[in-house]
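Notes for the one structure printed next.
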Amino acid sequence: MQANRNRNNKKKIINDPIYGFISIPDEFIFDVIEHPYLQRLRRISQLGLSHLVYPGAVHTRFQHVVGAMHLMGKALRVLQKKGCLISDEEKRAVLLAILLHDIGHGPFSHALEFDIVKSVNHEDISAYFIKSLERTFGPDLRLALRIFEDKHEKPFLHQLVSSQLDMDRLDYLNRDSFFSGVSEGIIGSERLIEMLAVYKGQLVIEEKGIYSVEKFIVARRLMYWQVYLHKTVVAAEYMLIYALRRAKWLTRKKIEMFSSPALSFFLNKDVSKEDFENNEDVLENFALLDDYDILQSLKVWSKHNDATLNFLSSSIVNRQLFQIEISKKPFSDNDIANVKAKLLATDLYKDMDLNFLVFSDKLVNKAYNQKFQNINLLLKSGDVVDLSEASDNLNISALAKPVEKYFLCYPR
């Protein structure tokens, strides 16, 4: 795919509902934004099927990455003002890195991350996309990739892109809160950015920003339970996962299936990291795949002769969502068998494969992970300490412990 570089006016301004006017930093970044790989993110939902619970949550990954780029520009200006040396090349590269950090997301974002492909996460696919774009745009993307993969000699640049207090999280919490209407997710991103600093190459927060960070951690936890892991959203997204698995199973049985060419490619093939690295067709087909491929297929599959796929697809399309039970303990094989027995006792399910209609899994909410790139505070004394050690809010230590819940999902 070739980028469109023939536009005369590339000094565009985007009107964003969160930040107001966002200026595109330079013409090169404009060209990258115009590329079909990035434009595809307009057709990838930011919150998967969350709109089935929160009707306003229909925003896209494209809106998010542009917003994250905007916050990155602010963060770089704050750090430079505080004497941090960032070259023009590094500034452009880190703006490109945050702009492209989500380019590897598949349809419905996280919901289908390991079902379209096998054991390849969206960060890996993003790296493959950036390498491909380098062949189109040149070495500026090479530096962006080094920052994205944390191979640059200035670690704080990567931490601005991916850490526990990065521009990605600062944007999506406010944005997802705005579009879902869940006000608990609102955070003071302006204040947090003003408190950023660099100490010995690492990103830190000045001590006076501690309460803003605490609010950020609590907001993240609340957004997970109220939006990202809302039990009805979980039910809908697992129904989608199992509909795709059923479609893939039927495809392997040589049963005729409607699908777009791009979706058909992945239904017929188990794609691994090696496939992405050795076969250009894999990335090109992935680049053609978005939410619309899945939605159109679900509409057609809702009339399919296979009763199981028909039922799953029509239930999603018509929002006839499954029952979901939440427990602090795992559901036993006996629990699952009892649910299947009750379903089999009704005529409706006698021709269906209940292995695709009854499922159980685990939900994990860890608002702050002390083992993954800690949020460090720079004290007035010059010492650097972990947030949980410096905070007088006992909740922070509690939030560092993962909360696990289990669910059992089945037709009503």
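A short reminder: the numbers here are calculations on the coordinates, not readings from a lab. All values reported here derive from a predicted model rather than from experimental measurement. Backbone-built Cβ (ideal geometry, glycine too); neighbour counts: all protein chains shown.
Things to note:
- For the cross-link pairs Lys118/Lys231; Lys151/Lys200; Lys131/Lys273; Lys154/Lys273; Lys328/Lys401, the ones whose C-alpha atoms lie over 19 Å apart are Lys118/Lys231; Lys154/Lys273.
- Equivalent ellipsoid semi-axes, segment 231-363, via Cα gyration tensor eigenvalues times 5, rooted, Å: 29, 18, 14
- Relative to the Cα centre, the charge distribution of segment 219-298, modelled as +1 at Lys and Arg Cβ and -1 at Asp and Glu Cβ, gives a dipole magnitude of about 680 debye.
- Considering only alpha-carbon pairs that sit under 8 angstrom and 6 or more positions apart, the relative contact order computed for segment 231-363 is 30 percent.
- If you sort the three axes of the alpha carbon gyration tensor as a ≥ b ≥ c, you get a/c of 1.5 or more for segment 40-197 and a/b no higher than b/c, which makes it oblate.
- Principal axes of segment 221-298: Cα extent on each, largest first, Å: 42, 30, 20
- Placing unit charges on the Cβ atoms of the charged side chains and taking the dipole of segment 58-159 about its Cα centre, the candidate lying farthest along the positive direction among Leu143, Leu100, His70 is His70.
- Charge dipole (debye, nearest 20) of segment 231-363; +1 at Cβ of Lys and Arg, -1 at Cβ of Asp and Glu: 720
- Average Cα contact separation per residue, the chain, under 8 Å, 6 or more apart, as relative contact order %: 16
- Short to long, the 10 Å bins of the Cα pair-distance histogram for segment 120-247 hold 11, 29, 31, 24, 5, 0 percent of all pairs.
- For the listed peptides 400-407, 312-319, a ranking on the average number of other beta carbons within 10 Å per residue, highest first, reads 312-319, 400-407.
- The chain - charge dipole about Cα centre, Lys and Arg +1 at Cβ, Asp and Glu -1, debye rounded to 20: 640
- Most tightly packed first, judged by the mean number of other beta-carbon atoms within 10 Å of their residues, the peptides 49-55, 62-68 read 62-68, 49-55.
- For the chain, the share of DSSP beta bridges that are antiparallel, to the nearest 5, is 90%.
- Partner lysines whose Cα lies under 23 Å from the Cα of Lys10, excluding those fewer than 8 positions away in the same chain, are identified as Lys74, Lys91.
- Residue-normalised convex hull volume from the C-alpha trace of segment 78-119: 107 Å³ per residue.
- The gain in end-to-end length when the Cys84 to Gln296 segment is fully stretched comes to 71.4 nm, 0.36 nm per residue minus the alpha carbon separation.
- Taking a Cβ cut-off of under 15 Å around Asn174, the surrounding Lys, Arg, Asp and Glu residues balance to a net charge of -1, with basic ones at +1 and acidic ones at -1.
- Along each principal axis, Cα extent of the chain, largest first, Å: 72, 55, 37
- Ranked packing of 293-299, 376-382, most packed first, by mean Cβ within 10 Å: 293-299, 376-382
- Listed by chain and number, the aspartates and glutamates whose C-alpha is less than 19 Å from the C-alpha of Lys329, apart from same-chain residues fewer than 8 away, are Asp361, Glu404.
- Within straight-line cross-link reach of Lys248, aspartates and glutamates at Cα separation under 13 Å, skipping those fewer than 8 residues along the same chain: Asp115, Glu256, Asp270, Asp306
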